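Q: Have a look at the structure that comes next, please.
The values are calculated or read from the model by the stated rules, or taken from the named source; none is laboratory data. The structure displayed is predicted, hence computed values, not measured ones. When we count neighbours, we look across all protein chains shown, and the Cβ atoms used for this are built from the backbone with ideal geometry, even at glycine.
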Amino acid sequence: MTDSAAPDDVPARLAALRQLMRHHQVDALLVPSSDPHLSEYLPARWKGREWLSGFTGSVGTLIVTADMAGVWTDARYWTQAEKELAGSGVQLMKLPSGASVLYIDWLAAHLKPGQCVAVDGAVLGLATARLLTQALAAREILLRTEPDLLCEAWPGRPALPPGPVYEHLPPQASKSRVGKLAELRAAMQQLGATRHLISTLDDIAYLFNLRGADVSFNPVFLAHALIEPTRATLFVAEGKIAPALRAILAEAQVEVAPYAGVGAALAALPHEGALLLDPRRVTYGTRQALPSKLKIIEAVNPTTLAKSRKSDTEAAHVRETMEQDGAALCEFFSGLDATLLDAQRAPLTELDIDTRITAARARRPGFVSPSFGTIAGFRANGAIMHYRATPASHSVIEGDGLLLIDSGGQYLGGTTDVTRVVAVGTPSAAQRRDFTLVLKALIALSVARFPRGTRAPMLDAIARAPLWAEGIDYGHGTGHGVGFFLNVHEGPQSISQAAMPEPQTAMEPGMITSIEPGVYRPGQWGIRIENLVLNRSTGSGEFGEFLAFETLTLCPIDRRCIELALLRDDERGWLNDYHATVRSRLRKHLSGAALAWLEQLTEAL
Ligand code: ZN
Ligand code: ZN
């Protein structure tokens, strides 16, 4: 997908970089996996960490000094990083969790007073910048955010993506941009702000009912937005917004300005009033561009909260989308079972899974693209949490083993993300036990009821409890927020031990979150079962309002992997009810072999 470094390119790239570092008197270079919008998935231009180190995972921070280079990443990526960094001279530095900033401690501990750390301020998150500044200042280590050494070190650095911006239209986009802007301005007023800068791409796409294709899998486009009392300005690269769309935007008092002009526009802001900024959603560079006399108000972007709470109309579109996605999955899985039973077949590989599952989704109305790169891991590959089969390295699916498939689609009416594990051949007793424990974990959280406003990270332990009881744990969060035809990972809620249980993580009606517990046995197999769920109010009583989850994902769970004796009656009841729902909702979308497969797989146990 990008020209990430092969291990033997890395030493030459690092040597050239170190020469530049010496020239600029930089003792350590920090390369976060980030862009000016603090995106999770990066446009090629900002995949500098990948280009320098060869590590392709979506989360990881590179530090290069004169005699050391290391990538800090969390447990999800350790196996992958070990493989990709082998022979490159870049060390894997293991982080206990994705949110950890231990690399900052490393810098503070390993540099001497008077030495200098450089990082591109234009891609450094403001909140992270503050931690970094504080830790380095305490040791009298200098921080420079000006020179973007990567620009000099990276000869063929990719340009900005040129693709067009388009409208997300009714009926799927059910609230107008004028209405959303009015809501946003009301929220700004409540916070005492007259202006608001937004840099996060999903917030911008949501607010203006616009979409693009600048980032793989996320239907967003590169832009900043400045919201003022009577007008809004979208900073987008030339040519991305056609004249007709520009005229439509003008009707909502939305102007279009050059992408590169945002810094100058911020610097020229008048001093009266106050500007609202989200320190986790703007960069240090942006903050530095603002006039020093301007009053700043810091709070979570109001759009982040607004877009996380899907309206009833949006939820209805997601239910329809789940039926289409579920039908595509049934066609895929029934076809997979038929292929595996065919003794005369050509070899089936992990790569074929991605091709086939994407083709099945592409036949469904409203499909736009996959929502992330399909993970299809057979046997030991299933234990690599963010495994990607590649043409150079993948397994043939044959014999006995578990096949883990995590995939999703972007549809005009919603974003999907689902993991199922299927048995190839006959699963062993140990595999069935692990699978059933993961299923118990999924059920435990799926049936939970909790007070409205419960901090999402606190729910994490509910899913883990059935696994903890058996001395088992998994090295990733239990669930992430999911957008509405937007990013497959969105906040503010996060069902994860790595997230702080802050007020902004409160569970509110309308939020869509994944539940995806797992068990991973390195070198053997990996199991994860993932559904998306919707927060619904169960009404108010003496102890306030409570929420429960509606399971949105519609796809059979492979009964061949279940050890029935390990399920309690209520768990078996949940599974039978779930399968009855899957059958009744998907039946009308299927025919022939896929329908027969659905009926068989959803029979009561
Ligand atoms: Zn997933
Ligand atoms: Zn997920």
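Q: Please go through segment 360-374 and pick out each residue that is in a loop (DSSP other than H, G, I, E, B) and either in contact (Cβ under 8 Å) with a residue 60 or more places away in the chain or not polar (S, T, N, Q) (or both).
A: Arg363, Arg364, Pro365, Gly366, Ser371, Phe372, Gly373
Q: I've got another one for you. Which residue out of Leu197, Leu181, Leu150, Leu169 is over 25 Å from Asp278 (Cα atoms) and not in a loop (DSSP other than H, G, I, E, B)?
A: Exactly one of Leu197, Leu181, Leu150, Leu169 is over 25 Å from Asp278 (Cα atoms) and not in a loop (DSSP other than H, G, I, E, B), namely Leu150.
Q: Can I ask one more? Within 16 Å of ligand 1 (Cβ to nearest atom) and under 25 Å from Tyr77 (Cα atoms) - does that describe any residue in segment 422-431?
A: yes
Q: Count, please, the residues in segment 440-490 that happen to be more than 16 Å from ligand 1 (Cβ to nearest atom) and assigned to a helix (DSSP H, G or I).
A: 15
Q: Looking only at residues that are farther than 18 Å from Thr454 by Cα and assigned to a strand (DSSP E or B) in segment 491-528, which one is farthest from ligand 1 (Cβ to nearest atom)?
A: Selected residue: Arg521.
Q: Here's a follow-up. Across segment 284-329, what is the total count of residues that are hydrophobic (A, V, I, L, M, F, W, C), in a helix (DSSP H, G or I) and in contact (Cβ under 8 Å) with a residue 40 or more places away in the chain?
A: Counting residues in segment 284-329 that are hydrophobic (A, V, I, L, M, F, W, C), in a helix (DSSP H, G or I) and in contact (Cβ under 8 Å) with a residue 40 or more places away in the chain gives 8.
Q: So, of the residues in segment 482-513 that are near ligand 2 (Cβ under 10 Å from one of its atoms) and buried (at least 23 other Cβ atoms within 10 Å of the Cβ), which turns out to be nearest to Lys307 (Cα to Cα)?
A: Out of the qualifying residues, it is Val482.
Q: Among Gly156, Gly192, Gly179, which is within 27 Å of Tyr259 (Cβ to Cβ) and either modelled with pLDDT of 95 or more or of a type in the set (Ser, Thr, Tyr) (or both)?
A: Gly179
Q: What's the number of the only condition in (1) within 15 Å of ligand 2 (Cβ to nearest atom); (2) touching a strand residue (DSSP E or B) at 6+ places or on another chain (Cβ under 8 Å) that Leu402 fails to meet?
A: Exception for Leu402: condition (1).
Q: Kindly indicate the residue of segment 529-556 that is of a type in the set (D, E, K, R) and over 16 Å from Gly510 (Cα atoms) and also nearest to ligand 1 (Cβ to nearest atom) among those meeting that condition.
A: Glu530
Q: Pairs, please: C-beta under 8 Å, at least 6 apart or cross-chain, first residue aromatic (Phe, Trp, Tyr) and in segment 461-489, second part of a loop (DSSP other than H, G, I, E, B) and within 16 Å of ligand 1 (Cβ to nearest atom)?
A: Tyr474/Pro517
Q: Mind telling me which of the residues Ala565, Ala596 ends up being within 28 Å of Arg379 (Cα to Cα), free of Cβ contacts under 8 Å to residues at least 24 places away in the same chain and either within 16 Å of ligand 2 (Cβ to nearest atom) or loosely packed, with under 15 Cβ neighbours inside 10 Å (or both)?
A: Ala565
Q: So, in segment 405-421, how many residues would count as being more than 14 Å from Gly373 (Cα to Cα) and either within 11 Å of ligand 1 (Cβ to nearest atom) or in contact with a Lys or Arg (Cβ under 6 Å, 6 or more places away or on another chain) (or both)?
A: Residues meeting the conditions: 1.
Q: Next question. Out of all the residues in segment 529-562, which are without any contact (Cβ under 8 Å) to a residue 60 or more places away in the chain and either in a strand (DSSP E or B) or among the polar types (S, T, N, Q) (or both)?
A: Asn535, Arg536, Gly539, Ser540, Gly541, Glu550
Q: Count, please, the residues in segment 99-124 that happen to be surrounded by fewer than 19 Cβ atoms within 10 Å (Cβ to Cβ) and closer than 16 Å to Ser34 by Cβ.
A: Adding up the residues that qualify gives 3.
Q: Take segment 330-347 and flag every residue that is part of a loop (DSSP other than H, G, I, E, B) and out of contact with any Ser or Thr (no Cβ under 6 Å at 6 or more places or on another chain).
A: Asp342, Ala343, Gln344, Ala346, Pro347
Q: Then there's this: So, of the residues in segment 514-561 that are over 21 Å from Lys307 (Cα atoms) and basic (Lys, Arg), which turns out to be nearest to ligand 2 (Cβ to nearest atom)?
A: Only one residue fits best here, namely Arg528.
Q: Follow-up question, since we're still on this one. Inside segment 348-359, can you point out the residues that are closer than 18 Å to Asp400 by Cβ and in a helix (DSSP H, G or I)?
A: Glu350, Ile353
Q: Let me ask you something else. Tell me, yes or no, whether segment 401-412 has at least one residue that is crowded, with 24+ Cβ neighbours inside 10 Å, under 22 Å from the mean Cα position of the chain (by Cα) and in a loop (DSSP other than H, G, I, E, B).
A: yes
Q: When only residues in segment 43-74 that are in contact with a Leu (Cβ under 9 Å, 6 or more places away or on another chain) and of a type in the set (Lys, Arg) count, which is nearest to Leu201 (Cα to Cα)?
A: Arg45
Q: So Thr358 fits all but one of (1) more than 25 Å from Leu590 (Cα to Cα); (2) of a type in the set (S, T, N, Q); (3) at pLDDT 95 or above; what number is the exception?
A: So Thr358 meets the others, but not (1).
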